[in-house]
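Trainee: Here it is, the structure in full.
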2 protein chains.
Amino acid sequence: MQQLFLSVDAQRRDSWREAFPDLNVGFLESHLPPTALIWALPPAGTSPETVVSPLRARAPESLLILLSDEPDEDEALAALAAGAAGYCNGHAAPTVLQQAATVVENGGMWIGQALMKRLLSTTTSLLKQRPATNEVWRDTLTAREQDVALAVARGASNKEIARQFNITERTVKFHVSALLEKLGARDRLQLSLIINGVPRLT
Amino acid sequence: MQQLFLSVDAQRRDSWREAFPDLNVGFLESHLPPTALIWALPPAGTSPETVVSPLRARAPESLLILLSDEPDEDEALAALAAGAAGYCNGHAAPTVLQQAATVVENGGMWIGQALMKRLLSTTTSLLKQRPATNEVWRDTLTAREQDVALAVARGASNKEIARQFNITERTVKFHVSALLEKLGARDRLQLSLIINGVPRLT
DNA sequence: TTTCCTACTGTACCGAAGTACGGTAGGCGA
DNA sequence: TCGCCTACCGTACTTCGGTACAGTAGGAAA
């Protein structure tokens, strides 16, 4: 597959031309072939979307690998989410670049070992917190108790809850007491922590 | 690179042998060559870790692609996190499997287009929520106030906080009052919502 | 040296939260 | 019909949270 290297930095283009003699190089604004593997090295600080989206619009059939001199997780995510097929350190060794090309040409995505590791770990840790947020607490509660629980969880006072549901403050207290008992909370604050899925340390 | 297909399902092994005549097939318990590309199709419902970890322990140099008849995001994440190089639908077309092999052999990771898309979207959406949790509230607070704020946020009573920091309950109240004033909260529950980054509706 | 900020403490007070007793009324299955 | 659950309400009480109005002590900057 034809490969094309794009950058605004003339010096970088020269060094790439040297490293990959059979590579086409050009500006980010160059004419694009309909089908190619495009390497793009935008200036540092450019957000990936502003580079990836126009390129994909101009050459929808092409594969795009975004290069970065200071690769980081967020940028990689943004690039791939915008439609890039790969994200790679601009100073990577030629063999690594070859591998990236192979992977991408075969329909894979390339973000490098280190970044993939970090991406995986953050995602799994984020997902681990999510299920805790899950609404297990609803299981043993009646409909009314769930109403009151949600109100307490967002910080409402008994008086406010009473007004909201058109019942007396006394009845609110009744429900709150039941909630504390059922969910094993000491007071409404711990109740709100449970409802909101905030991890407990105690 | 030598490829090896592992499963406990005899029928599946036969169909694979048919589709890939030059492929070695075996049980999950088979002897493993030191260096190979291993395809493993564990029985449905098996957690990826229990398959991946032992395999990687027995053949650390090998590349492992986990197959699943009912692929889903969580399982893919678990598999890759455990050290698999790929995760793929067990019913995927031979060409797709070939691509996966190419990608993995070149040091890439393979989880398929659809799964990658979903993984990216969930990760970005999760990361988008994170910054809201960001600790803006620390800005205007003194060191002691931050201590007390964190304690309040996890549900500690004034008495407990006093014990924790070796100060009187009175002083805790002093700090809490300052916190409520500075962060614009009505009571300690709303304070905890702010600290914990729970979105406010009021 | 004066001034300001931070950290800390004391007494007194009020209101909210939560508990402990009680009670009524309706629905639902045995 | 009898229990059981749910939702609701009342009074009295204790505890906790929070405020008001005080004060002391140390450090840092003017």
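Trainee: Could you identify the single residue in B:Ala156, B:Ala162 that is open to solvent by less than 50 Å² (accessible area, probe 1.4 Å), within 16 Å of DNA strand C (Cβ to nearest atom), at pLDDT 90 or above and more than 14 Å from chain A (Cβ to nearest Cβ)?
Mentor: When all the criteria are applied, what remains is B:Ala162.
Trainee: Quick check on my filter: what residues within the stretch A:165-185 are of a type outside the set (Phe, Trp, Tyr), within 7 Å of DNA strand D (Cβ to nearest atom) and open to solvent by less than 70 Å² (accessible area, probe 1.4 Å)?
Mentor: A:Ile167, A:Thr171, A:His175
Trainee: Please list, ordered by first then second residue, the pairs with beta carbon atoms under 7 Å, 6 or more apart or interchain, first in the stretch A:160-189 and over 24 Å from B:Ala156 (Cβ atoms), second open to solvent by 100 Å² or more (accessible area, probe 1.4 Å).
Mentor: From residues that are over 24 Å from B:Ala156 (Cβ atoms), the pairs are A:Glu169/A:Lys159.
Trainee: Spot the failing condition for B:Ser125; the list is (1) in the same structural domain as B:Pro42 (by TED's automatic domain parsing); (2) among the small types (Gly, Ala, Ser); (3) at pLDDT below 80, and only one is missed.
Mentor: (1)
Trainee: Something else: If B:Gln98 meets every condition in (1) modelled with pLDDT under 90; (2) outside the structural domain of B:Ser62 (by TED's automatic domain parsing); (3) open to solvent by 70 Å² or more (accessible area, probe 1.4 Å) apart from one, which number is that one?
Mentor: Just one mismatch for B:Gln98, condition (2).
Trainee: A further question follows. Could you tell me whether any residue of the stretch A:27-36 is hydroxyl-bearing (Ser, Thr, Tyr) and open to solvent by 20 Å² or more (accessible area, probe 1.4 Å)?
Mentor: yes
Trainee: What about B:Val8, is it modelled with pLDDT under 75 and within 28 Å of the chain's Cα centre (by Cα)?
Mentor: yes
Trainee: Just checking: which of the strands (runs of 3 or more DSSP E) contained wholly in the stretch B:12-97 hold 3 or more residues that are of a type in the set (A, V, I, L, M) and touching a Leu at 6+ places or on another chain (Cβ under 9 Å)?
Mentor: So the answer is B:37-41, B:63-68.
Trainee: Restricting attention to the stretch B:165-202, and to residues there that are within 13 Å of DNA strand C (Cβ to nearest atom) and hydroxyl-bearing (Ser, Thr, Tyr), which single residue is nearest to A:Glu160 (Cα to Cα)?
Mentor: B:Ser192
Trainee: Quick check: anything in the stretch A:129-141 open to solvent by 50 Å² or more (accessible area, probe 1.4 Å), at pLDDT 85 or above and either touching a Phe, Trp or Tyr at 6+ places or on another chain (Cβ under 6 Å) or within 16 Å of DNA strand D (Cβ to nearest atom) (or both)?
Mentor: No, every residue in the stretch A:129-141 fails to be open to solvent by 50 Å² or more (accessible area, probe 1.4 Å), at pLDDT 85 or above and either touching a Phe, Trp or Tyr at 6+ places or on another chain (Cβ under 6 Å) or within 16 Å of DNA strand D (Cβ to nearest atom) (or both).
Trainee: Let me ask something else about it. Give the number of residues within the stretch B:67-84 that are away from chain A (no Cβ under 14 Å) and buried (at least 24 other Cβ atoms within 10 Å of the Cβ).
Mentor: Adding up the residues that qualify gives 1.
Trainee: Among the residues of the stretch B:85-94 satisfying the criterion of being away from chain A (no Cβ under 11 Å) and among the small types (Gly, Ala, Ser), which is surrounded by the fewest Cβ atoms within 10 Å (Cβ to Cβ)?
Mentor: B:Ala93
Trainee: Taking the condition at the interface with chain B (Cβ under 8 Å from one of its Cβ atoms), modelled with pLDDT under 80 and more than 30 Å from B:Ala84 (Cα to Cα), does A:Arg200 pass?
Mentor: It is true that A:Arg200 is at the interface with chain B (Cβ under 8 Å from one of its Cβ atoms), modelled with pLDDT under 80 and more than 30 Å from B:Ala84 (Cα to Cα).
The values are calculated or read from the model by the stated rules, or taken from the named source; none is laboratory data. Just so you know, these numbers come straight off a predicted model, no measurement behind them. All Cβ positions, even for glycine, are placed from backbone atoms using ideal geometry, and neighbour counts span all protein chains on display. Each accessible area value is taken on the protein alone, full model and side chains, heavy atoms only, with ligands, DNA and RNA left out. Shrake-Rupley method; radii C 1.70, N 1.55, O 1.52, S 1.80 Å.
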